[in-house]
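Chemist: After the structure tokens below, expect a handful of questions from me.
The values are calculated or read from the model by the stated rules, or taken from the named source; none is laboratory data. Because the structure is predicted, anything quoted here is derived from the model rather than measured. For neighbour counting, all protein chains shown are included, and Cβ atoms are generated from backbone atoms with ideal geometry for every residue, glycine included.
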Amino acid sequence: MPEIPATQRSLNIEYAIRDVVVPATELEAQGHSIIKLNIGDPIAYPGLPTPAHMVEAFTRALNDGRNGYSPSYGLPELRNAIAQDEKRKGWPATSDDVYVCHGVTEALQILFQATLEEGDQVLAPGPHYPPYMAYPQMYGADTIEYQLDSAGGWALDFDDIESKMNERVRLFVLINPNNPTGAVVGKDDIDRLLNILKKWPDCILVADEIYDGLDFSNRQVSAASCSDSTPVVTMNGVSKVYYAPGWRIGYMALHDPESTLTSVRDGIERILRSRLCASTPAQLGFLAGLEQDRSWMQDYSHTVKQRRDVCLERIATIEGLEVEAPEGAFYMFVRLTDAHWKDNDKEFVLQLLHEEHVLLVHGSGFSRDKGKGHVRLVFLPDIPTLHEAFDRIDSFLKRHRKM
């Protein structure tokens, strides 16, 4: 019988963060223990559990029978709490501006469906989180990468941005703090970016701020709070800063200072209604996180920063590795400087996995061009595990340098 074909758009999708798990799983099946520095799941690492009061609220919802369908745009009380949280970040959000989704990934898919037509373009940073490349093509659009300065803290390259803006660019993506680099864009640069976007009235700024509570620079600001004309769609959720990624609750919040998003909002709402709703008990868990005590966040951030600093200290002592210190999130984008590996980052990741049982993600998985020669490292494991991982990476580099 002939094979039934899949669509080309599905076969073109790559997700490097999870693709590298396939060979790791095979090694685990053979009895090997893998040090995993590949995936940004904060509760997969010791000392960073989902806060107890949020888990209790989730469990209480189940026990109280609050486990049925909820409104398609999200529970009213959660939408209001999110709006109040966004207000504290400096812009006049209302509950009507907030739409609750199955994580930021679903929010992105819905936004892309509501805004992109054949031939449209999305400008996203290079390197970037893989769905920004994978999803637009499913709606006939193309993702164009704008340059980040790899030697200057991964800052925005404004000349490159201006050169790539045109009437086909419907969405401009700002990931702040950035995944995979950990770079933070401050207010001055956001203002400069908005001055460019003002020239293109059909363009929406997509502000992915899922890591905004993990800012070690004290420079991160809400992009919506800076805009008085350009529409901004803020993406955020429970996964990273509230340490509950498996709950799959995210949101988009629309800042529409000149009322240009009426049609887009209608499209978003139609799509949301057609897919029913996000998890009701998980929404109630997130609500507890927003409305109850947040003092625990300081301790968690301190722990994450300690682990970041250990990684920076170790990398500074290892020949063959360089890194720009991340200012936020829990990733660092490490440059491979040995002559062989700087052009073979995926080979580096796979050989390191098989020889030393340490799992990273190849930088070219975040951008074939702009991520090449790097690896992404998650710095969430406990400090003894991090030291063991760097001992193995150092041994691997030394061994191959002698070959």
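Chemist: Mind counting the residues in the range 17-37 that are surrounded by 17 or more Cβ atoms within 10 Å (Cβ to Cβ) and assigned to a helix (DSSP H, G or I)?
Modeler: Matching residues across the range 17-37 total 3.
Chemist: Moving to a separate point now. Which residues, counting only those in the range 146-190, are free of Cβ contacts under 8 Å to residues at least 60 places away in the same chain and aromatic (F, W, Y)?
Modeler: Hits for the range 146-190 are Y146, F158, F172.
Chemist: Could you grab the pairs with beta carbons closer than 7 Å, sequence gap of 6+ or different chains, first residue in the range 351-377 and at positive phi, second one among the small types (G, A, S) and surrounded by fewer than 22 Cβ atoms within 10 Å (Cβ to Cβ)?
Modeler: Pairs that qualify, where the first residue is at positive phi and the partner is among the small types (G, A, S) and surrounded by fewer than 22 Cβ atoms within 10 Å (Cβ to Cβ), are H357/S33.
Chemist: Quick check on my filter: what residues within the range 31-69 are of a type in the set (S, T, Y), more than 21 Å from Y300 (Cα to Cα) and either in contact with a Lys or Arg (Cβ under 6 Å, 6 or more places away or on another chain) or in the same structural domain as L350 (by TED's automatic domain parsing) (or both)?
Modeler: Listed by number, the list holds a single entry, S33.
Chemist: Tell me, which strands (runs of 3 or more DSSP E) lie completely within the range 135-230 with 2 or more residues that are of a type in the set (D, E)?
Modeler: Because the criterion is at least 2 residues that are of a type in the set (D, E), the strands (runs of 3 or more DSSP E) in the range 135-230 that meet it are 142-149.
Chemist: Restricted to the range 350-381, and to residues that are of a type in the set (D, E, K, R) and over 22 Å from the mean Cα position of the chain (by Cα), which residue is surrounded by the most Cβ atoms within 10 Å (Cβ to Cβ)?
Modeler: Looking at residues that are of a type in the set (D, E, K, R) and over 22 Å from the mean Cα position of the chain (by Cα), I get E356.
Chemist: Which residue, of D202, D189, D160, is modelled with pLDDT of 95 or more and more than 21 Å from the chain's Cα centre (by Cα)?
Modeler: Being modelled with pLDDT of 95 or more and more than 21 Å from the chain's Cα centre (by Cα) holds for just one of D202, D189, D160, which is D160.
Chemist: Return the pair list, or none, for Cβ contacts closer than 6 Å from residues in the range 268-294 that are within 16 Å of W247 (Cβ to Cβ) to residues that are hydroxyl-bearing (S, T, Y) and crowded, with 23+ Cβ neighbours inside 10 Å, at least 6 apart or on different chains.
Modeler: From the range 268-294, the pairs are G289/Y242.
Chemist: Now for a different question. Across the range 93-121, what is the total count of residues that are free of Cβ contacts under 8 Å to residues at least 60 places away in the same chain and either within 22 Å of L197 (Cα to Cα) or not assigned by TED's automatic domain parsing to the domain that holds G213 (or both)?
Modeler: Qualifying residue count for the region: 7.
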